Each structure stands twice: as C-alpha cells, then as structure tokens.
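Trainee: What follows is a structure written as structure tokens; I'll ask about it next.
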Amino acid sequence: MTNLTIIVAVARNGAIGRNGDLAFYISDDLRHFKSLTMGHPIIMGRRTFESLPKGALPGRRNIVVTRNTDFAAPNVETAPSLQAAIDLVSDVDQAFIIGGGSIYQQAMPLASRLEITHIEADAIDADTFFPAIDSANWQLIERMPSAIDPRSNIPYHFASYIRKN
C-alpha cells in the first residue's frame, strides 16, 4: 500500500494560493519540497500543474488529476480522479500530494503524513486555502526551528505530522 504524504506551504490564515499561484515564495521551502519529493510520484490537480513554470517536475513521476480527457502535457500521466491517481501509484511505497486546494481537501482523509511549511504571516489576498489540521487526527512529530526568508523577511518553520488513527 502506498503511503500518501501531503506537502504544502500554509500561511497563518490557512492560505496556500492566490490567482493560480503560491501565496508565498520562500527559497528554503522550495528546496525542502524538492528534497522530499525527488524520486517519488507527485499527484496534483490540473491548475496546480499549469502553474508550474516549466511544466512537469523533473526526477519525479508527475500525475495530473483532471476531468478534461483532452488534457495532455509532456512527461505527465493523467487520471480522472484522485482515487484513480492513487491507483496508478499502488506499487510504490510513497507518493506526494502537491495541490491544489480541492485535491488537498480530498486527500486529507487518505494521507498518512503531512509535511507542512508553516508560514508565520497571513496572505491577505489569498483565494485558495488548506483544510484545518485536526489535532484529533494528526500528531506533530517534528518541528524545525523558525527561520526567516532572506528575500521577504517572512518567518516560517517546517513541521511533520502523522495520522493518529
């Protein structure tokens, strides 16, 4: 069985995106994302894929969830639903859910782990949000010390959670 890990950067107010893009760009977060996901399948919605500046992320199996049967992109597999995407990776130990909002919402009950970059600021003009992390279902197992992004001066920290039940 595949362990599903949700990976996301979440602002203090739950925001993850605005206008089809990330709410914040933090260089260390992007490096962290790459180091965790490299070599593993990544599952995302079509709009998340379309927001990637260079298309499919190298070194990873890219699976895009879309109901558009005409959608195709280089180095990408498609699936008509999140469950169909998960079925495509049933032969691997670990896969990552990388967004967007609707995919995260659907994946929360299925994931066994959360890798969250907690951004210690609000995204005022955000239009996409991450579901609340219910402490009845999730246990914090690691929290890295806070750091400050040198470009934006925004504080953040990495945290890992596992499902309790």
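Trainee: To the nearest 20 Debye, how big is the dipole of the stretch 11-126 about its Cα centre, given +1 on the beta carbon of each Lys and Arg and -1 on that of each Asp and Glu?
Mentor: 140 debye
Trainee: Return the label of the correct value of Rg/Rh (Cα atoms, Kirkwood Rh), as calculated from the structure shown, out of [x] 0.94; [y] 1.18; [z] 1.02.
Mentor: From the options [x] 0.94; [y] 1.18; [z] 1.02, the structure gives [x].
Trainee: Continuing with the same structure: Counting only DSSP beta bridges with both residues in the chain, what percent are antiparallel, rounded to the nearest 5?
Mentor: Close to 45 percent.
Trainee: Let me ask something additional. Rounded to the nearest whole Å², what accessible area per residue is found for the stretch 1-113 with the 1.4 Å probe?
Mentor: Using a 1.4 Å probe on heavy atoms only, each residue of the stretch 1-113 averages 52 Å².
Trainee: Roughly how many Å² of F129 are accessible to a 1.4 Å probe, to the nearest 10?
Mentor: Approximately 100 Å² for this residue.
Trainee: Just read off the accessible area of T2 with the full protein assembly in place, 1.4 Å probe, to the nearest 10 Å².
Mentor: Looks like 20 Å² after rounding.
Trainee: With a 1.4 Å probe and all protein chains left in place, how much of the accessible area of the stretch 50-139 comes from carbon and sulfur atoms, in whole percent?
Mentor: 50 percent
The values are calculated or read from the model by the stated rules, or taken from the named source; none is laboratory data. Since the structure is predicted, the reported quantities are computational estimates derived from the model, not experimental observations. With ideal geometry, Cβ positions are generated from the backbone for all residues, glycine too; neighbour counts draw on all protein chains shown. Only protein heavy atoms, including side chains, enter the accessible area calculation; ligands, DNA and RNA are left aside. Shrake-Rupley method; radii C 1.70, N 1.55, O 1.52, S 1.80 Å.
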